[in-house]
Amino acid sequence: MKLRFRRPLALLLTIVMVLGLLPTAALAADGETKLTEVKLTDAAGQEIANLLDSDATPSLDGYTAYTLRISVSLDTTTSTDTKTLTVQLPYGMKFVGLDAENLVKSNTAIDSAQWTKGESIYNGAYKPDNGTLAIKFSSGASAATVSLSVQPDMAFFPIEKAEEGYSISDAIKVTLLEGDTEKGNAGCDTATVT
């Protein structure tokens, strides 16, 4: 008689323990602040480079705009630190049609966005659309996706050397911070422009 009740009771307790662990595992998976996707795609949506891959060296057409798609997972359970995403483009690359104010209006996960443009060149005759975009996420946001249009800035490349192609060092740099702690980075050390 005792054996008859022990086995079902043991099975019931095992099921209760397993079910009790499920919410904890789900919260642990969602609680990490990290970059989940950083991809460069062309107008047709075809992937040019996965920038989470440390060996990414995209080959870009100088007169084509590309979509930089960045997805993040944000810790909402333990940290109250500000989560900030920065996207840096050096001379030779540019943002296309970037409107920081519209980024905030069109994405509820974004609290604020500030674009610091690069310095003027050619004795002030040209103000490039490169620089650093800093995006601060809303405190309750658990995930966000940002799509930006970028392309090589052909004003930096002499037309007579176009057939040789050009290289851009640190063409795209993406960094995710939680407070002052870096939680992820991606980008490409070199991009080739043809």
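The values are calculated or read from the model by the stated rules, or taken from the named source; none is laboratory data. Note that the coordinates shown come from a computational prediction; the quantities given were computed from them, not determined experimentally. Note: ideal-geometry Cβ built from the backbone for every residue, glycine included; neighbour counts use all protein chains shown. When the accessible area is computed, the model is the full protein with side chains, heavy atoms only, and any ligands, DNA or RNA have been set aside. Shrake-Rupley method; radii C 1.70, N 1.55, O 1.52, S 1.80 Å.
A few remarks follow.
- Verdict on residue 182 being farther than 17 Å from residue 63 by Cβ and in a loop (DSSP other than H, G, I, E, B): no
- Selected residue [modelled with pLDDT under 95 and farther than 29 Å from residue 163 by Cα] from 36, 76, 86: 76
- Within region 46-63, considering residues that are of a type in the set (S, T, N, Q) and touching a Ser or Thr at 6+ places or on another chain (Cβ under 6 Å), the one farthest from residue 171 (Cα to Cα): 59
- In region 163-190, the residues that are open to solvent by 20 Å² or more (accessible area, probe 1.4 Å), out of contact with any Asp or Glu (no Cβ under 9 Å at 6 or more places or on another chain) and closer than 30 Å to residue 137 by Cα: 173, 182, 185
- Of all the listed residues (52, 60), the sole one being open to solvent by less than 60 Å² (accessible area, probe 1.4 Å) and either free of Cβ contacts under 8 Å to residues at least 24 places away in the same chain or under 15 Å from residue 187 (Cβ atoms) (or both) is 60.
- Verdict on residue 141 being assigned to a strand (DSSP E or B) and surrounded by 13 or more Cβ atoms within 10 Å (Cβ to Cβ): no
- Residues of region 133-167 satisfying the condition of being within 14 Å of the chain's Cα centre (by Cα) and within 17 Å of residue 111 (Cβ to Cβ): 133, 134, 135, 136, 137, 143, 144, 145, 146
Residue-by-condition table, conditions (1) among the polar types (S, T, N, Q); (2) more than 25 Å from residue 56 (Cβ to Cβ); (3) buried (at least 17 other Cβ atoms within 10 Å of the Cβ); (4) in contact with a His (Cβ under 6 Å, 6 or more places away or on another chain):
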position	(1), (2), (3), (4)
84	yes, no, yes, no
108	yes, yes, no, no
114	yes, yes, no, no
149	yes, no, no, no
161	no, no, no, no
